[in-house]
Amino acid sequence: QVQLAESGGGLVQPGGSLTLSCTASRRLFGISPMGWYRQSPGHQRELVANITSGQSTNIADFVKGRFAITRDNAKNTVYLQMNNLKPEDTAVYYCHLEEIWNGMNYWGQGTQVTVSS
């Protein structure tokens, strides 16, 4: 079992920046894609970005050029750097981990990001 601890959400003005972090409770094995989804009211949860233990990234088109994802394998932690935030980025952001080797998926509790003036 793995617990995911998220931090870094909050209120920011349009054009501002935030960094989200997510730490897994134990060492991860294999490729283990880890990253972030988001969900706003009336919308389905959507992938924002993820990264494998080998540092391969997958970033949604709607945030390319504004968001970056990095991973520190020694700390079992991923970071989502969000720049030039827009009101439409307002959502609950959920950390997600897929352990491919055992077929398990894990979710964090979610952290609110609000972009508003």
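Determine ³J(HN,Hα), in whole Hz, for all residues of region 95-109 in sequence, where each value follows from phi through the Karplus function 6.51 cos²θ - 1.76 cosθ + 1.60 and θ = phi - 60°; x replaces Gly and Pro.
After applying 6.51 cos²θ - 1.76 cosθ + 1.60, I find 6, 9, 10, 10, 9, 4, 5, 10, x, 9, 10, 10, 10, x, 7 Hz.
Hey, what's the chain come to in accessible area per residue, 1.4 Å probe, Å²?
Accessible surface, normalised per residue, equals 52 Å².
Charges at C-beta only: +1 for Lys and Arg, -1 for Asp and Glu. How large is the resulting dipole of the chain about its Cα centre, in Debye rounded to 20?
180
Determine one quarter of the surface area of the Cα convex hull of region 19-77, which equals its mean projected area, and express it in nm² to one decimal.
4.7
Averaged over all directions, how much area does the convex hull of the C-alpha atoms of region 56-106 cover when projected, in nm²?
With the hull built on Cα positions only, its mean projection is 4.6 nm².
Suppose we keep just the alpha-carbon trace of the chain; what are its Rg and Dmax in angstrom?
13.6, 44
Amide H to amide H, which residues 5 or more places from V48 or on other chains are under 5 Å from it, using H placed in the peptide plane?
So V48 has HN proximity to W36, Y37, R38.
If amide H atoms are built 1.01 Å from N in the plane of the peptide, which residues on other chains or at least 5 residues away come under 5 Å of the amide H of F67?
The answer is N83.
With every protein chain present, what accessible area does D61 have (1.4 Å probe, heavy atoms only), rounded to the nearest 10 Å²?
130
For region 23-31, in order, what is each residue's ³J(HN,Hα) by Karplus, 6.51 cos²θ - 1.76 cosθ + 1.60 with θ = phi - 60°, in whole Hz (x at glycine and Pro)?
10, 7, 7, 8, 4, 9, 10, x, 5
The values are calculated or read from the model by the stated rules, or taken from the named source; none is laboratory data. The shown structure was predicted, so the numbers you read here are calculated from the model rather than taken from an experiment. Quick reminder, even Gly has a Cβ in these numbers, built from the backbone with ideal geometry, and neighbours come from all protein chains shown. We work out accessible area using only protein heavy atoms, side chains counted, and drop any ligands, DNA or RNA first. Shrake-Rupley method; radii C 1.70, N 1.55, O 1.52, S 1.80 Å.
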